[in-house]
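Since the structure comes first, as structure tokens, the remarks are kept for the end.
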Amino acid sequence: MMALVAIIVIWGIGWTMNLALARSGHRSAGWAAPLIFGLTLLLVWEVGVRLGDVSPIILPPPSAIAVTFMASLPILWADFAQTILKGALTGYVLGAVAAFAVAVMVDRSEFLTRGVLPVGAFMAALPIVGTAPIFVKWLGSDWPSKAAVVGVMVFFPILVNTVAGLRDTSAMQRDLMRTYGAGYWPSLFKLRVPAAMPFVFNGLKIATTLALIGAIVAEFFGSPTVGMGFRISTSVGQLALDLVWAEIVVAALAGSAFYGAMAMIEKRLTFWHPSQRK
Amino acid sequence: MVTSSDPRFFENTPGEGPLAGPGAAPPTIIAAKSVDLTFQTGDGPVHALKDVSLDINKGDFVSFIGPSGCGKTTFLRCIAGLETPTGGKLTVNGMSPEEARKARAYGYVFQAAGLYPWRTIGGNVKLPLEIMGFSKAEQAERVARVLDLVDLAGFEKKFPWQLSGGMQQRASIARALAFDADILLMDEPFGALDEIVRDHLNEQLLQLWARTEKTIGFVTHSIPEAVYLSTKIVVMSPRPGRITDVIESTLPRERPLDIRDTPEFIAIAHRVRDGLRAGHADD
Amino acid sequence: MVTSSDPRFFENTPGEGPLAGPGAAPPTIIAAKSVDLTFQTGDGPVHALKDVSLDINKGDFVSFIGPSGCGKTTFLRCIAGLETPTGGKLTVNGMSPEEARKARAYGYVFQAAGLYPWRTIGGNVKLPLEIMGFSKAEQAERVARVLDLVDLAGFEKKFPWQLSGGMQQRASIARALAFDADILLMDEPFGALDEIVRDHLNEQLLQLWARTEKTIGFVTHSIPEAVYLSTKIVVMSPRPGRITDVIESTLPRERPLDIRDTPEFIAIAHRVRDGLRAGHADD
Amino acid sequence: QDNDVTLQLQWVTQSQFAGYYVAQDKGFYEEEGLNVTILPGGPDIAPPQVLAGGGADVMLNWMPSALAAREKGLPVVNIAQPYKTSGLMLTCWKDTGITSVEDFKGKTIGVWFFGNEYPFLSWMSQAGISTDGGDDGVTVLKQGFNVDPLLQRQADCISTMTYNEYGQVLDAGVSPDELVTFKYEDQGVATLEDGMYVLEENLNDPAFVEKMVKFVRASMKGWKYAEENAAEAAQIVLDNDETGAQTIEAQERMMGEVAMLTAGSNGALDEADYQRTVDTLLAGGSDPVISAAPEGAWTHVITDQALN
Amino acid sequence: MVLGAGVGRSAGSISGKMMGDAVRSVLPILTVVAVLLGVWMLSVVPMNIHLAADQAQRDGVVVVPDTPIARQDVGAVALALRNPAVVPMTYVLDRPRLPGPQQVAAELWKTTFGVKVTSKKSLVYHGWVTLSATLLGFAIGTTLGIALAVGIVFSRTMDLSVMPWAIASQTIPILALAPMIIVMLGSLGIQGLLPKAIISAYLSFFPVVVGMVKGLRSPDGMQLDLLRTYHASASQGFWKLRLPASMPYLFASLKIGISAALVGAIVGELPTGARAGFGARMLVGDQYGQPLVTWAALFAAAITAAVLVGIFSLAERASLKRMGMVR
Ligand SMILES: Nc1ncnc2c1ncn2[C@@H]1O[C@H](COP(=O)(O)OP(=O)(O)OP(=O)(O)O)[C@@H](O)[C@H]1O
Ligand SMILES: Nc1ncnc2c1ncn2[C@@H]1O[C@H](COP(=O)(O)OP(=O)(O)OP(=O)(O)O)[C@@H](O)[C@H]1O
Ligand SMILES: Cc1ncc(C[n+]2csc(CCO)c2C)c(N)n1
Ligand SMILES: [Mg+2]
Ligand SMILES: [Mg+2]
């Protein structure tokens, strides 16, 4: 009961601060608001766990996670390198390049587009629980199988968005190219690719979180003795939930950074789009 | 209803086309015979063009005028090969409009500016030059020249949304002029401009036309503009969109601005106005 | 440069405002004092409005004319509370433009039609009526009436992209007229229309204005149109955007179309043209 | 309700847990007045966590994992031990040249983690073989839920249970002649498997103790019935498998093998087995699984009452 | 994500367009499927040849090279060329690395039409188990996603504080959190459908948020200004402008959301004790060395998703057409 009251009070304080911050329209609001929100969340968690007497092998308090995090930096780094740098990034790049190539190829013909998109959607619905064991069987336990899982997962969102983007030109913009008698390549590079960028980045951004999840979860189905997914599943078995959460923190940080990086590139490349202008 | 003079004044004799020597009657460049176009919409077909026949000769300056919705844009698009007639025959330089388009015969100014938002004004004007493979130096030179022509020097680095409506319109005119196509098709290019700029651009356009012998198709809503610029004025009428009058201008090719006060000018303007009014009365 | 007559002819005396009785000098509705507006763009600030002072009285028909990019749209947007000046003071009905907007004082016609693509023409015109809570019967009645006024009866069920450019523009005019705001702000409403329709709509607009005592702010590029319609013509000049002349029309309120041939009309038109030309010469 | 008992298994429904399904199906629990719910496990379920979260009253677990949980601060207590012998072994391709533990050096070995890695780590550290790869150590793979790493030759050896994975390797067409096996029992590093564990604090409640007595009694009855009626037990397991993907042949064979492991136990934990398990775990050299001999990790209270 | 992909722009007749569309899509899809099947068929041989060779040798066929370990060093294609007799066997293995399409099709047929739908062996039965969690999760996730998007668009506070955390939430590997969610809900006494549905909702809400935020923000400056001149209230702005403008985005989001919900429900079946459903079939098929069971469940899941997405596509067409947004 006490825990509940405390949680409500803390939540109220945090939210009020954010309200004030948003009203003030201060420049710091961009980074301060999510920070305050996050801190509020953490505080609620800490107090809830401590006052609610939740067992640390079910949900450890943030403070304990922080301690473990600092104490396990070498492990966390090795896992990060294995899973994110090798598995996720490789797969992401492969999947993105493949999706982009297929999109451009398919975009040339209405026939292929009609054929490939539904089949691609079918592929997107293959759950990782099914694909991961298959790729582990084919490519072994190390990171190549994880990269393959990631590649398959990110392929479709990027494909669909790129195809949609390549077509997101107004009739007039296309007609202009036609009056120039522009061939395939000029109208691809000068009209369709730039017009597609906002969509492509939409796909690329969503794919960042997919890539991470894919690489981590695929390790549940076989891995070397290093990697974030390996550590998470092993540590759950060992009831080392603080280490599990430390890995989750790494995942969240890496994911947010990855997403943020994509958003930043997007901002620089699609500054002209109405959604970026204000 | 005003019955028009026969638009098929010169018969289209393809063999004679662009090859005809000096002194001969100028060759027919654009020949439309009974062109029909029907759009299918949710609630029934719209007859946008009906039985449109018209010949345009090399070096002609043809204005299209008519109430909104009478098919001016549609016809211009047919000429440019952007729309395919559902009936009749249309040839350009003896080819189909499609082929002519692929041969880069057209400079087209759309009714709305349609600049690419990811390119600066300069970049937009440069676009056709890049596509047609002009050298870098030539590109820069031409961009500077046409931007100057439309009074946009100094705005080269701005993005389209940072310009007013009229400035965007001028940029799109510059873009169409940059690469010197033989046929210029302009859909109300000066609609968003004030009289002074308009007069200025009208003069510029006439000079350009006189100098280069381009063939120009020009949609406008302004009767004086149509009369001032054209060798041939085509009056159209809606529902279904059709030609109701074709007026061959008797004005000399050399046209100072004050030609607009001559009785000849006023007479032509009068005829155009009558034609227009008749088109409206049809409704 | 042409020096203008003092635009602040009537001092804005708020107490007197809309309450002043008949016979008294009409109250000032829109009062701008040294309005300034600077846009920040990627390569440096753009001074769109500089030191703009102007009073508009109840029942005035004010036209804004000037080269493209001189800030006409920007000033109209300021009046409507859509843009906030970076300097100076602007009041509408004694309130801030914001507040006036919230009191639904404006009907606004944008430079581009801006119809909602998911609504039919009828639905678009009905939109403000729905928002302002008119009864269903009243909505239907008004939609029919204003569509008729702009000659679009029968197009109620079409979607915007099935109409030509001029028809879309007319639909957007109908939308602004539908709900009888006291102040009408129109940004080149007739730019895409031909002369006949334009004349027709000009007459309609004058009648509406005479009947309803609306206050109208009107951007145009056509000198005759400005002279024909206005009680006050504001000539603007670019870089930075400012007012160079304010001409009080001496024409009577009752204006048949052929008033355009009177010497008085021509004299005013002349003064406007001179002002415009001076603005261009500035460049 | 006071007669409700929830049992958390440590893997999906299969003959490994036949005793409980038989007790349920044959009404042994009902006879004791119990209402038992059996929760199947899976690759992602840590029984100690479920126990701690209150999702179950009793869990099945391997003793190394349970003792490790105890050290982590979850006081679980073994109340019965139906599995006497360990079924865990390493299965290797013979053609890799492995004949003894020494030959593991430089090889790749598949191991189950998730709390099941402790026996292997103890064994290797006792044998003085590093598990960090290299020529002098073994390269460890985290093994998934199947025997593919061996069949695809991604590993030279993998972990198998006598009653399940080994059979699958044979099912894949491999003949026993092509394989070499190392049973943990034979290597002297066997640890106790599949015991019943409850939370220590619950044992202070006499009502709970009584419930457990009934539960263990009925479960052991189920086990003994299953041992004697292997085919029927396998069929019962199959009926309880909701996935519909199991086969009767596999479950019958599994039941046969499982019966050999449970045969030696009446349910009561043998102290000697317990001691051997603890010693093995403590012998882990620099990286022992548990740091000190646990206190109070088991009790005979339940079995004493249940079996008399 | 398919954001905006729903807005058809092709010209052409509208009447009979939906029918025509369906028909025109059949041939291209069949073509692409045929090509993929061809590639699949071809891949079966190299993928399985080593296993088939081992098997053949055990059955007494002479294979070169003659030991498994020696064969490991021979490339798949080379091995197939040197042992042509073994090639047909690659299509009929019990535990193939890559089953032949005909094997998967046969298994699908057998477990869909060959058994009673109430049977544990029926994919229809398992499909329903998964689908019910999917639909519940999708309903929760979509509602939550739309609500969050509306909040984000209308409240600057929410925009600033929630969005980054919504992103972070998606970088948390759900399979790692799932057991904890299950355990926590279990200790609250919640079992059965809801825990799976919650995991499913967790995966499906994000695309809906992202898509709807984008959609609700898609009106351009002029469209917004127009409403400002009417002094429309926020709710009028929502119903009359933002919501209709977001329709194409909404449908795109729903299509992604429903696939995500299905994947979520399947993922959620593992930590809930893998009892029934496609996920349980995949797991058990994998664990007991029955790749065909896994492959069939995998395809059944994808087909289910395709059907669900197809339903939304039809709804999308119908409603966008009614809104005049399909030309
Ligand atoms: N894509 C289309 N679908 C259906 N109808 C169309 C389409 N484009 C044009 N129309 C119809 O065709 C007729 C002619 O249109 P068009 O755009 O050619 O007129 P216009 O003469 O250029 O008019 P304006 O002066 O207003 O631009 C109009 O009635 C219009 O509604
Ligand atoms: N959003 C903006 N950002 C930057 N600059 C702007 C913006 N809007 C307008 N401007 C600049 O402000 C100036 C005035 O623009 P405005 O649109 O008011 O002109 P205008 O008089 O309406 O012209 P036109 O007759 O061509 O419509 C122009 O130089 C324009 O480039
Ligand atoms: C994630 C996970 N991996 C391995 C095991 C080990 N395990 C213990 S009993 C058993 C069944 C043998 O047929 C298996 C595989 C587990 N419990 N959880
Ligand atoms: Mg037009
Ligand atoms: Mg403007």
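The values are calculated or read from the model by the stated rules, or taken from the named source; none is laboratory data. Here the structure is a predicted model, which means the values were calculated and not measured. Note that each Cβ is placed from the backbone with ideal geometry, even for glycine, and that neighbours are counted across all protein chains shown. Side chains included, ligands, DNA and RNA excluded: accessible areas come from the protein's heavy atoms. Shrake-Rupley method; radii C 1.70, N 1.55, O 1.52, S 1.80 Å.
Between 0 and 90 degrees, rounded to the nearest ten: what's the tilt of helix A:143-167 against the longest Cα principal axis of chain A?
Approximately 50 degrees, to the nearest ten.
Can you give the accessible area buried between chains A and B, summed over both chains, with a 1.4 Å probe, in Å² to the nearest 100? Walk me through the intermediate numbers first.
On the way: alone 15540 and 13250 Å², together 26660 Å².
Using a 1.4 Å probe, the pair buries roughly 2100 Å².
Find how many whole Å separate the alpha carbon centroid of the stretch E:181-228 from the alpha carbon centroid of the stretch C:105-135.
A separation of 32 Å, based on Cα centres.
Using a 1.4 Å probe on protein heavy atoms, which residues of the stretch C:43-61 have at least 50 Å² less accessible area in the complex than alone?
Hits at the 50 Å² cut-off: C:Asp43.
Accessible area per residue of the stretch E:123-322 at 1.4 Å probe, in Å²? Kindly include the intermediate steps, with their values, before the conclusion.
Working: 5980 Å² over 200 residues.
Ligands and nucleic acids excluded, the figure is 30 Å² per residue.
So which residues in the stretch D:132-151 end up with at least 10 square angstrom less accessible surface once the other protein chains are there, compared with the chain by itself, probe 1.4 angstrom?
D:Val140, D:Leu141, D:Lys142, D:Gly144, D:Phe145, D:Asn146, D:Asp148, D:Leu151
Cα axis of helix D:248-262 to longest principal axis of chain D: angle in degrees, 0 to 90, nearest 10?
Computed tilt is about 80 degrees.
Taking the label point 7 Å from Cα in the Cβ direction, how far apart in nm is C:Pro263 from each other copy of itself, listed shortest first?
Label-point separations across copies, in nm and ascending: 2.3.
Can you pull the one-decimal nm distance between simple spin-label points at D:Asn308 and E:Ile190, each 7 Å off the Cα toward Cβ?
Computed distance between label sites D:Asn308 and E:Ile190 equals 4.6 nm.
Please turn the phi angles of the stretch A:240-254 into ³J(HN,Hα) values with the Karplus equation 6.51 cos²θ - 1.76 cosθ + 1.60 (θ = phi - 60°), one per residue in order, whole Hz, x for glycine and proline.
With coefficients 6.51, -1.76 and 1.60, one gets 8, 5, 5, 5, 4, 5, 4, 5, 5, 4, 4, 4, 5, 5, 4 Hz.
For B:Ser34, place a label point 7 Å from Cα along the Cα-to-Cβ direction in every copy; what are the distances to the other copies, in nm, shortest first?
7.3
I'd like the distance separating the alpha-carbon centroids of the stretch C:59-94 and the stretch D:130-157, in whole Å.
After rounding, the separation between the Cα centres reads 77 Å.
Would you mind telling me the share, in percent, of accessible area of chain A contributed by carbon and sulfur at probe 1.4 angstrom?
Roughly 75 percent, rounded to a whole number.
Once you place label points 7 Å from the Cα toward the Cβ at A:Phe189 and A:Leu51, how far apart are they in nm?
A separation of 6.4 nm, rounded to one decimal place.
How about D:Lys84: which aspartates and glutamates have a C-alpha closer than 19 Å to its C-alpha, ignoring those fewer than 8 places off in the same chain?
D:Glu185, D:Asp186, D:Glu193, D:Asp194, D:Glu227, D:Glu228, D:Glu257, D:Asp270, D:Glu271, D:Asp273, D:Asp279, D:Asp304
Once you have a ≥ b ≥ c as the square roots of the Cα gyration tensor eigenvalues for the stretch E:123-322, tell me rounded if a/c is under 1.5, and otherwise prolate or oblate according to whether a/b is larger than b/c. Present the calculation step by step, with values, prior to reporting the outcome.
On the way: a/c = 3.06, a/b = 1.84, b/c = 1.66.
Prolate is the answer for the stretch E:123-322, as a/c is 1.5 or above and a/b outweighs b/c.
So which residues of the stretch B:164-198 lose at least 50 Å² of accessible area, probe 1.4 Å, when you go from the chain by itself to every protein chain present?
B:Asp194, B:Glu195, B:Ile196
Could you give the accessible area per residue of chain A, probe 1.4 Å, as a whole number in Å²? Don't skip to the end; give the middle numbers.
On the way: 10900 Å² over 278 residues.
Per-residue value: 39 Å².
Sum -39500 (n - 2.57) across every DSSP H segment of at least 4 residues in chain D, then divide by the residue count to get the 222 nm mean residue ellipticity, nearest 500.
Numbers: 12 runs with 115 residues, N = 308.
Value at 222 nm, helices only: -11000 deg cm²/dmol.
Find which of B:Gln111, A:Met177, C:Ile65 sits farthest along the positive direction of the dipole of the protein assembly as shown, computed with +1 on the beta-carbon of Lys and Arg, -1 on that of Asp and Glu, about the Cα centre.
Result: C:Ile65.
As a test of the definition: with a 1.4 Å probe, what buried accessible area, both sides summed, do you compute for A against E, in Å² to the nearest 100?
Values: alone 15540 and 18090 Å², together 28350 Å².
The A and E chains share an interface burying roughly 5300 Å².
Would you mind telling me the share, in percent, of accessible area of chain D contributed by carbon and sulfur at probe 1.4 angstrom? Walk me through the intermediate numbers first.
Working: 4640 of 10370 Å².
Reported share for carbon and sulfur atoms: 45 percent.
Could you pull out every one of the aspartates and glutamates with an alpha carbon less than 19 Å from that of A:Lys137, ignoring same-chain neighbours closer than 8 positions?
Result set, ordered by chain and number: A:Glu219, D:Asp148, D:Asp156, D:Glu165, D:Asp171, E:Asp54, E:Asp73, E:Asp94, E:Asp286.
Assuming R0 = 22 Å, can you tell me the calculated FRET efficiency for the pair E:Ala70 and D:Ser175, based on Cβ-Cβ distance, to the nearest 0.05?
Details: r = 18 Å, r/R0 = 0.81.
My answer for the efficiency is 0.80.
Roughly how tilted is helix A:228-237, in degrees to the nearest 10 and between 0 and 90, from the longest Cα axis of chain A?
Result, in degrees: 30.
Sorted by mean Cβ packing within 10 Å, highest first, what order do the peptides C:88-99, E:165-176, C:59-70 take? Write down the numbers at each step before the final one.
Numbers: C:88-99: 18.5, E:165-176: 22.2, C:59-70: 24.9.
Put in order of decreasing packing, that is C:59-70, E:165-176, C:88-99.
For the pair D and E, how large is the buried accessible area, both sides, in square angstrom to the nearest 100, if the probe is 1.4 Å? Kindly include the intermediate steps, with their values, before the conclusion.
Values: alone 12840 and 18090 Å², together 27750 Å².
Interface between D and E: roughly 3200 Å².
Past 24 Å, Cα to Cα, is the threshold; run C:Lys58/C:Lys126; D:Lys221/E:Lys196; B:Lys50/B:Lys89; D:Lys72/D:Lys105; C:Lys102/C:Lys214; E:Lys255/E:Lys321 against it and keep the listed order.
Numbers: C:Lys58/C:Lys126 27 Å; D:Lys221/E:Lys196 35 Å; B:Lys50/B:Lys89 12 Å; D:Lys72/D:Lys105 32 Å; C:Lys102/C:Lys214 18 Å; E:Lys255/E:Lys321 18 Å.
Result: C:Lys58/C:Lys126; D:Lys221/E:Lys196; D:Lys72/D:Lys105 exceed 24 Å.
Report the label-to-label distance for A:Leu73 and E:Phe154 in nanometres (one decimal), using points 7 Å from each Cα along the Cα→Cβ vector.
Going by the 7 Å Cα→Cβ label model, 4.7 nm.
Estimate the FRET efficiency between D:Glu201 and A:Leu39 by the formula 1/(1 + (r/R0)^6), using the beta-carbon distance for r and 30 Å for R0, to the nearest 0.05.
0.30
If B:Ile266, A:Ile216 are ordered by their accessible area, calculated over protein heavy atoms with a 1.4 Å probe, which sequence runs from highest to lowest? The partial results should precede the final answer.
Working: B:Ile266 95, A:Ile216 0 Å².
Ranked from most to least accessible, the order is B:Ile266, A:Ile216.
As an exercise, identify the trypsin sites (Lys or Arg not before Pro) in the stretch C:204-283 lying in DSSP coil whose Cβ has no more than 16 other Cβ atoms within 10 Å.
C:Arg253
Pop out the carbon and sulfur fraction of the accessible area of the stretch C:229-283 as a percent, whole number, probe 1.4 Å.
The value for the stretch C:229-283 is 56 percent carbon and sulfur by accessible area.
Given a Förster radius of 60 Å and the C-beta distance between A:Ala261 and D:Glu30 as r, what FRET efficiency does 1/(1 + (r/R0)^6) yield to the nearest 0.05? Working shown, then result.
Working: r = 61 Å, r/R0 = 1.02.
Using R0 = 60 Å, I get an efficiency of 0.45.
So which of D:Lys142/E:Lys120; A:Lys267/C:Lys72; C:Lys157/E:Lys240 end up more than 28 Å apart, counting from Cα to Cα?
Values: D:Lys142/E:Lys120 31 Å; A:Lys267/C:Lys72 31 Å; C:Lys157/E:Lys240 18 Å.
Violating the 28 Å limit, Cα to Cα: D:Lys142/E:Lys120; A:Lys267/C:Lys72.
Counting Lys +1, Arg +1, Asp -1, Glu -1, what net charge surrounds B:Cys78 among other residues with beta carbon under 15 Å of its beta carbon?
Details: positive: A:Arg178, B:Lys33, B:Lys50, B:Lys72, B:Arg77, B:Lys89, B:Arg101, B:Arg242; negative: A:Asp175, B:Asp36, B:Asp51, B:Asp55, B:Glu83, B:Glu98, B:Glu99, B:Asp187.
Surrounding charge for B:Cys78 is 0.
In Å², what does the accessible area per residue of the stretch C:114-180 work out to with a 1.4 Å probe? Each step should come with its number before you reach the end.
Values: 2370 Å² over 67 residues.
That works out to 35 Å² per residue.
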